[in-house]
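Enquirer: Take a look at this one; I'll ask things after.
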Amino acid sequence: MALGASIGGSASLKGQRTEPCSVHGCTRLSVASLDIRVLCREHFIMACYNDLDEYGRLLEESRYRDTTTELVRRFLSDCTRQTADLSSAASDLDNLERARLLDILLRASDLSRQLRRSPRKVATLPVGLTCDKLGHSWEELTETRVISRFGAALECGNPIELGDSLILTRLDSKAEVRARVAWRQPKPGGRCEIGLEFLHTDNFWGIDWSAVEPDFWESTTSKRAAS
């Protein structure tokens, strides 16, 4: 698959589908979508492999631009979520399909690590979270676990979904930033560890990131990917 086609849209599960796979000659029902195409499980797996091969090749050749890299990150995030959903929701997977879906998850995780935009820093900072979604608004005080130039990892006790838009407020400076939920990991007691990606900011934390080492975040990401 060409780069432009594969990053032009997102990959997302949309529940039970009734439309057929968009690949010419395929009569199976679609289970997922990539870009503007709806795909059956077999062709979704094939498309993921094609995209991952293309991105890996371009990464080795150092041909990514900043804007393209951001689109690739979003694709990898959506592809990972969708592949995980297929792995857990489909009851008729055979051993080969399960192995291929797991391989896709591992390859996407590896590319994501290579595309890290900035190092991470372990930091416990008091912050406020606000959800202003109509009919589901809430506020919560919590603390960061890890921060980066472009986001933060922290715990949340309120119901939250991937892609939700939140307002993060620093309690020390009262500075605010809009962020989206990039990943979530359930924890005992009904809480979740979440990763926030800032939508618009310029060094929200006011830190010299050139002096920060990424070792902690690498180990944390590996643990989440293996769980």
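Taken together, the values in this text are just the output of simple stated rules run on the coordinates, not laboratory data. Quantities reported herein were computed from a predicted structural model and do not represent experimental measurements. In this analysis, Cβ positions are derived from the backbone assuming ideal geometry, glycine residues included, and neighbour counts consider all displayed protein chains.
Enquirer: Taking the Cβ of Lys133 as the center, what net charge do the other residues with Cβ under 14 Å away carry, scoring Lys and Arg +1 and Asp and Glu -1?
Expert: My count for the surroundings of Lys133 gives -3.
Enquirer: Return the Rg/Rh ratio of region 17-56 with Cα-based radii and a Kirkwood Rh. Show your work: numbers first, answer last.
Expert: On the way: Rg = 10.2 Å, Rh = 10.2 Å.
In region 17-56, Rg relative to Rh is 1.00.
Enquirer: Can I ask one more? Can you give the net charge of the other residues whose Cβ lies under 15 Å from the Cβ of Pro159, counting K and R as +1 and D and E as -1?
Expert: Every neighbour counted, the sum reads -3.
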